[in-house]
1. Would you mind stating whether ASN672 is under 31 Å from the mean Cα position of the chain (by Cα), in contact (Cβ under 8 Å) with a residue 60 or more places away in the chain, open to solvent by 10 Å² or more (accessible area, probe 1.4 Å) and assigned by the TED database to the domain that holds GLU616?
2. Checking SER418 against (1) out of contact with any Gly (no Cβ under 9 Å at 6 or more places or on another chain); (2) crowded, with 22+ Cβ neighbours inside 10 Å; (3) hydroxyl-bearing (Ser, Thr, Tyr): exactly one of these is not met. Which one?
3. Kindly indicate the residue of the range 257-281 that is out of contact with any Leu (no Cβ under 9 Å at 6 or more places or on another chain) and over 16 Å from ARG160 (Cβ atoms) and also least open to solvent (accessible area, probe 1.4 Å) among those meeting that condition.
4. For the range 715-754, which positions are of a type in the set (Asp, Glu) and over 29 Å from LYS507 (Cα atoms)?
5. When the residues of the range 144-171 are filtered to those that are part of a strand (DSSP E or B) and open to solvent by less than 10 Å² (accessible area, probe 1.4 Å), which remaining residue is farthest from ARG261 (Cα to Cα)?
6. Looking at the range 832-851, can you tell me whether even one residue there is touching a Phe, Trp or Tyr at 6+ places or on another chain (Cβ under 6 Å), modelled with pLDDT under 95 and surrounded by fewer than 18 Cβ atoms within 10 Å (Cβ to Cβ)?
7. Is the range 516-528 home to any residue that is open to solvent by 10 Å² or more (accessible area, probe 1.4 Å) and under 41 Å from the mean Cα position of the chain (by Cα)?
8. Looking only at the range 770-810, count every residue that is among the charged types (D, E, K, R), closer than 15 Å to LEU686 by Cα and in contact (Cβ under 8 Å) with a residue 24 or more places away in the chain and tell me the total.
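The values are calculated or read from the model by the stated rules, or taken from the named source; none is laboratory data. Keep in mind that this is a model prediction, so the values were computed, not measured. FYI the Cβ positions are ideal-geometry reconstructions off the backbone, even for glycines, and counts take in every protein chain you see. Accessible surface areas use protein heavy atoms only, side chains included; no ligands, DNA or RNA. Shrake-Rupley method; radii C 1.70, N 1.55, O 1.52, S 1.80 Å.
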Amino acid sequence: MGASASATSQAAPFAPTHQADHQGNGMAEHRRSLQSVNIRNSKAKSIITNKVAPVVITNNCREEFQIHDKIQSANYSMGRISDLLPEHYLVLGEFFMVQDVYSRADVLNTTKSHGSPNFRKVKGNYPLFGMGQPSLSGFKQVLQRLQIDGCEVVIFIYLREEPVVFFRSDGDFIPYTPRGRANLHENVHDLDRELSAEQIELSIRKELCDFAKLSENMFYVYNDIEHFKDEPQQVQILSEEDIHVTEEVYKRPLFSQPLHRYYRLPLPMEGAPLEETIDAFVNILRETPNLSLMRDSSRPLPALLFSCQVGVGRTNLGLILGALVFHHLQGVSKSPRQEIQKSEHKLDFQVIQLLISRLSKGQQVLDEVDDAVAMCSEMHNIKNAVYENKLKLKGIGEDYQIQGSSTKGYFLQRTLQSLERYVYLLVFNAYLHDQYPQAFPQSFSQWLCMNAWIYRLLASMDSSELSAPTSLITDGIRVMVSSEFLATDLLSTAKEMKVANFRRVSKMALYGMAQPNSEALAVVMSYLTDQRRGHSTILWLNLQEELVLEANGQMFTPREPGCLEQPIPVCVQHPQQLQEMELALKQDVLRCEKWLEVITEQDKQMRMFKTCHTIEELFVHQKSIHPGLSYERIPLSDCCAPKEEVFDHLLEAMKSSLAEDSNCAFIFNCHNGKDRTTAAMVIATLTLWHINGFPECEEDEIVSVPDAKYTKGEFEVVMQVVRVLPDGHRVKREVDVALDVVSETMTPMHYHLREIIISTYRQIKMAKSEADAQWLRLRSLQYLERYIYLILFNCYLHLEKKDSWRRSFSQWMYQVAARAGVYAILNHLGFSEFENPDDSPMARLRFRWLPHSVQSIPMRGQLI
């Protein structure tokens, strides 16, 4: 006979900072519950309280129902901004609701006249508009204004990634956003990757309704966070209809104007958008017939309206994307050229020059983007932002001791982010050139995986090009670290060979070691050319990408004081640049008239160097003694898969040397003779086997240890690649044999390029901090990727052998393997046996290929 109405509270998804303590007897609880119950046009004749829930009997005595409307207040947090302000409930466990836009943010003063702050049309004749955050009434006013101006179809693209809710106020709905106490001026980002902004907004509204029921239908918000005059303000909340979420504000008006469309396209505050965000934008183009190249040209173009909070940064990016689309639809804007004034600043970054040189129609792509940037520059100019941040960074570099590393780090990050945003616009325009005429058969993500060289190029956009100090050592920023500190002699060869970790692959003229000084170099060369070994031709391959010098007979490399284990990133496109930088470092050290800080195996010291030599100079001297010695520098990043071009250089160097002398000996070294040296020795082993013939491969041995399949490299992602490759299982088995053969030379190290994958991943659970766990996760992914690259390289050697490997490995990867989906697999790299790979940004090529330090790794679930 009776009915039950339930409004059970849910726990906040964030850990509370202050727990609300509501205590009292049961009847008091029911009175509070009754006060919170809002029954519009109440038909209740009587309300009977009891220990369970109040019972309502209607006026006509025909209905009786029980209201289970008790809010679980203990699940919610309370707090205050300061001791002078009242305590109240906090949204999502920790946030205050603050009015979204201040009047001072409306630089163009368009809120009253147009309905939103900073409303504007771009220069030129494109129907392209931008604005800041409007209220509900303001949004209706904007649509009316566009309709008056002749815009039949409006596609509204909302660019905010942060949650926004709207409170009823004087016949309108005003936007508010959750903000933290530490910074009430900034919106909250990256709240929860698992939930969309719309879902978070619904959760916030549910909480706000609960808070109102616990507080006599009132809730506190803040309008003035500068002076806090008359703050906080109380807003009345009687039901969910007193609070709107974004979809309600922007979709409901469209029912009266059915030709209009609304999309939410979350863009980051800084940096370039994620690929899937660009994919979503391209889907808008696909879904809109009048944005197709096959559109009816007699009909006007739809108006594109972009909006973020203030209408500046993200709106500017959206406008540029729209301008590029209209350019491909309609050609260059027909407005007078003098109206569109381009930025006078030329961005002479290496990454831009290399990108334009490799792109089809590269100069046209660049000019079109610069036109679009100029058209949309009324509120913000991306090129100027890059230039100005770089100038500030340069000023800090010249006065580093005064301004400090935190200021420098801030402007370095800002410069890289603004540069990344500009470069991605170039890439997006190149994508439009390729895909727009074909009606976008490939998404932006797919196209980038088919052109993975762009990811390689973007990864070179590191800090060294922006922040190289005027002096590499003597400005007091860096210290010299000795090779003894960096290279532990695990193979106990330093006593005899004068160099750590010297070894040879069995039955092959392949050697590896740590970085030798001049004394060790002489000893090793005498050893290789003695009567027993008799190598008359020797190719020495140095794999270090960091700067190295011999000073006072010891090998040193410059490092940052707080990161002695991490090499300083050096952005070079050719090994010759490394040698030039080492020569500059040598001159810098010799010119120094003060003691330098030095880290040795034993302790920290202060030294003054009297002699100093570059590695190139050491080998020039040895070549005068041993004419058969050749030396090459092929930089390789530590612990990573070698870049495609590194495989090219190693193979070409070996082919050239073997063409002169089939008995040539090959020597590899890195800083400690371990990681990079071992990887190069495996590559060389596979190459020599393809030239001289493979040894007999025994059947796979039965391994009776925990996780045996993973010790053998049989991860799901590896087997996915193996299934794609012709004769993939044999190709993998040959790589495993090569890994085992090279590993036998370094048994005391307990180091195996394949087995280290799972052993590193297992260490994540034992990590002492989240930062350590993310570093281990990155390392395990890099080891996994390196193993896959070795398998791919062996497949290449098999397939291209008939043509004597005339096509390089990098060409084969981009032309053949990419079409087979290899880069798409690598773009979701991870240990799917144990976790969802996409939970970590490092699963993506875009983030994994960047140069990293322990401090730069994004947390799990966080994007850069």
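1. Yes; evaluated as a whole, the condition is true for this residue.
2. Status for SER418: all satisfied but (1).
3. ASP279
4. Answer for the range 715-754, where residues must be of a type in the set (Asp, Glu) and over 29 Å from LYS507 (Cα atoms): just GLU716.
5. PHE167
6. No, that holds for no residue.
7. yes
8. 2
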